[in-house]
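K.L.:
Sharing a structure, written as structure tokens. Questions coming.
The numbers here are math on the coordinates, done by the rules we state, and not lab data. Predicted model, so just to flag it, every value in this text is computed and none were measured. Every residue, glycine as well, gets a Cβ built from its backbone with ideal geometry; the counts of neighbours run over all protein chains shown.
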Amino acid sequence: MPFLTNNKGQRIHYEIIDGDRVKPWLVFLHEGLGCTAMWKDFPQRLCKATGCRGLLYDRLGYGLSDALQHRREPDYLHRYAVDELPQALTALLPGQACILIGHSDGGSIALLHAAQRPPLLQAIITEAAHVFVESVTLEGIRAADRAYADGKLKGLQKYHGDKTEQIFKAWSDTWLSPAFAGWNIEADLPRIDCPALVMQGIDDQYGTPAQVDAIVSGIAKGNGAPAHKAMLPDCGHAPHHEQPQAVLDLMRQFVLERIAESQK
């Protein structure tokens, strides 16, 4: 079972999917309560459909990675985007091009990382990413908090083990805290200069279409990088699980178009 040790001596679990060494890597960034295993077989299917290699890893505090050592701060998504993710890419994919695929928190991390304009980043794909706090998001988190208190989310222990309580509360307490109410990353979006596919389920219980509209318009305000909007019907917060074939088709087309453009 492979682990990367970060610059603080903490272990980060990762997995590699084999593929064409000429094509860019697909790097999968999980949701706020997710981990590598919770992607299930979707990364393998997308890598097979595109021929790309894949990298998945559990962010610190999640899955098989080490537990959080400090209380989570309101800038935690920035820290994952500008500290942990670059360390993982430098250590595991040195000098190699990649496309980020981020779900929920992972989507926000992909946006924040892209705003740094890393030279090897060819494109990003987001599913249900957030760029500001909405009342529907907080309502969804409060409902999840109640479900957790009632023992209805015990399935998370399968993935996070004895870190489950810590990581759940780090997620819910941070988003519901007064200090996080003004969190907003729209100002970062115009700095993104790579193509983006921005996806969300129409029935997402954690966000409205305003999130997608803000991402697409925000990227457009910058250098004119193309940002494509995809709203999925009969779909909630996890498009790759709820509408897997539709999401696979959209991502496959987007990735192959980026590869074709890079080869011109």
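K.L.:
If you go through segment 3-41 one residue at a time, how many are farther than 16 Å from Ala91 by Cα and free of Cβ contacts under 8 Å to residues at least 12 places away in the same chain?
P.N.:
2
K.L.:
Of the numbered conditions (1) touching a Phe, Trp or Tyr at 6+ places or on another chain (Cβ under 9 Å); (2) closer than 20 Å to Met38 by Cβ, Val136 fails exactly one; give the number of that condition.
P.N.:
Of everything listed in (1) touching a Phe, Trp or Tyr at 6+ places or on another chain (Cβ under 9 Å); (2) closer than 20 Å to Met38 by Cβ, Val136 misses just condition (2).
K.L.:
Then there is this: Six or more apart or on different chains, Cβ under 6 Å: which pairs go from a residue in segment 76-105 that's buried (at least 17 other Cβ atoms within 10 Å of the Cβ) to one that's of a type in the set (Lys, Arg)? Could you list them?
P.N.:
Sorted first by the residue in segment 76-105, then by its partner, the pairs are Tyr80/Arg59.
K.L.:
Only one of these conditions is not met by Gly106: (1) closer than 18 Å to Trp25 by Cβ; (2) not in a helix (DSSP H, G or I); (3) not β-branched (Val, Ile, Thr). Which number is it?
P.N.:
Going through (1) closer than 18 Å to Trp25 by Cβ; (2) not in a helix (DSSP H, G or I); (3) not β-branched (Val, Ile, Thr) one by one, Gly106 breaks only (2).
K.L.:
Out of the residues in segment 151-192 meeting the condition of being in contact with a Leu (Cβ under 9 Å, 6 or more places away or on another chain) and charged (D, E, K, R), tell me which one is farthest from Ile99 (Cα to Cα).
P.N.:
Lys163
K.L.:
Identify all residues within segment 181-192 that are small (Gly, Ala, Ser) and either touching a strand residue (DSSP E or B) at 6+ places or on another chain (Cβ under 7 Å) or without any contact (Cβ under 8 Å) to a residue 24 or more places away in the chain (or both); write none if there are none. Steps first, answer last, please.
P.N.:
Residues of segment 181-192 small (Gly, Ala, Ser): 181-182, 187.
Hit for segment 181-192 is Ala187, nothing else.
K.L.:
I need every pair where a residue in segment 193-204 that is under 11 Å from Ala128 (Cβ atoms) has its Cβ under 9 Å from the Cβ of a residue that is of a type in the set (Val, Ile, Thr) and surrounded by fewer than 20 Cβ atoms within 10 Å (Cβ to Cβ), sequence separation at least 6 or different chains.
P.N.:
Val198/Val216; Gln200/Thr208; Asp204/Val136
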